[in-house]
Amino acid sequence: MKEPAHTGRRAREDGELALIVEQVQQGHVQAYSTIIEHFQRPIYLYCYYLLGSREEAEDAAQDIFLKAMEHIGGFRQTVSFSAWLYRIARNHCTDLLKKRSKGFRLFAMYRQQAETAGSGPALTDKVHELLALLTAEERQILLLRALEDYNFEQIAVVVGMNPARVRKKYERLRDKLGRQKRKGEIRLGEPHSDRG
């Protein structure tokens with residue numbers, strides 16, 4: 001049975017990244033720019049949808065790449081570099097969300113009041129509204145599944161729980177989003193494949 005093209009491409013990319021990581025670990029710091037180029041947009045999007053702010057996402061992405069560089073010597077090939085980096089991103093964004101949880105609720109209320117006073121919200125605002133209904137953990141699972149097309153085992157590594165629990169949480173999350181759809185809300189896109 002032939003493997004899907006995206007699976008083969010991902011395996012090649014993982015192999016290339018492993019070589020680059022080894023180079024950085026051996027002191028070739030310039031090679032780290034390749035890692036940043038490869039992950040800059042996905043990490044930014046992950047942060048953006050978790051934090052809900054472009055400015056915060058840009059700052060968070062920079063901090064995440066700095067933290068990853070500081071700790072890259074401790075990275076081991078027992079997990080993919082991508083999962084390791086997303087775990088750093090998850091922890092960093094979780095810390096930021098904890099620091100501003102009260103402020104975020106006030107911002108969401110203000111935005112809702114502003115939108116009812118004006119015209120209907122854009123698609124991006126609808127996505128943020130939908131994400132605001134989810135817990136931080138649910139957002140993380142959804143974003144890794146929908147944006148990165150991660151399977152449940154990969155998500156489990158990032159969020160630090162077992163794959164069966166991640167799968168169950170994802171199923172509950174889909175039910176929750178389904179209820180919102182029946183109420184007239186939008187639905188976020190599904191992953192490109194049904195693996196995992």
Length gained if Leu147 through Thr94 is fully extended, taking 0.36 nm per residue and subtracting the Cα-Cα distance, is 17.3 nm
How much length is gained on full extension from Thr135 to Thr78, taking 0.36 nm per residue of separation minus their Cα-Cα distance? 17.6 nm
What full-extension length gain, to one decimal in nm, is calculated for Leu45 and Glu16 as 0.36 nm per residue of separation minus the Cα-Cα distance? 8.2 nm
Carbon and sulfur %, accessible surface of segment 1-101 computed with the full protein complex present, 1.4 Å: 51
For Lys98, Lys169, Lys67, give me the order by solvent-accessible area with a 1.4 Å probe, most accessible first, ignoring ligands, DNA and RNA. Lys98, Lys67, Lys169
By per-residue mean of other Cβ atoms within 10 Å, what is the highest-first order of 171-177, 24-30? 171-177, 24-30
With DNA, RNA and ligands ignored, accessible area of Ile36 (1.4 Å probe; Å², nearest 10): 50
Segment 1-101 - charge dipole about Cα centre, Lys and Arg +1 at Cβ, Asp and Glu -1, debye rounded to 20: 360
Dimensionless Rg ratio for segment 1-101, taking C-alpha atoms and the 2.2 N^0.38 Å reference: 1.15
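Please give the peptides 15-21, 45-51 ranked by average Cβ packing (other Cβ atoms within 10 Å per residue), highest first, as a rough proxy for protection.
Numbers: 15-21: 14.6, 45-51: 22.3.
In descending order of packing, they fall as 45-51, 15-21.
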Could you sort Asp149, Asp95 by accessible area so the largest value comes first, with the probe set to 1.4 Å? Asp95, Asp149
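The values are calculated or read from the model by the stated rules, or taken from the named source; none is laboratory data. Predicted model only: the values in this text are computed from it and were never measured. As a convention, Cβ positions derive from the backbone with ideal geometry for all residues, glycine included, and neighbour counts pool all protein chains shown. The area values use the complete protein model at the heavy-atom level, side chains included, leaving out ligands, DNA and RNA. Shrake-Rupley method; radii C 1.70, N 1.55, O 1.52, S 1.80 Å.
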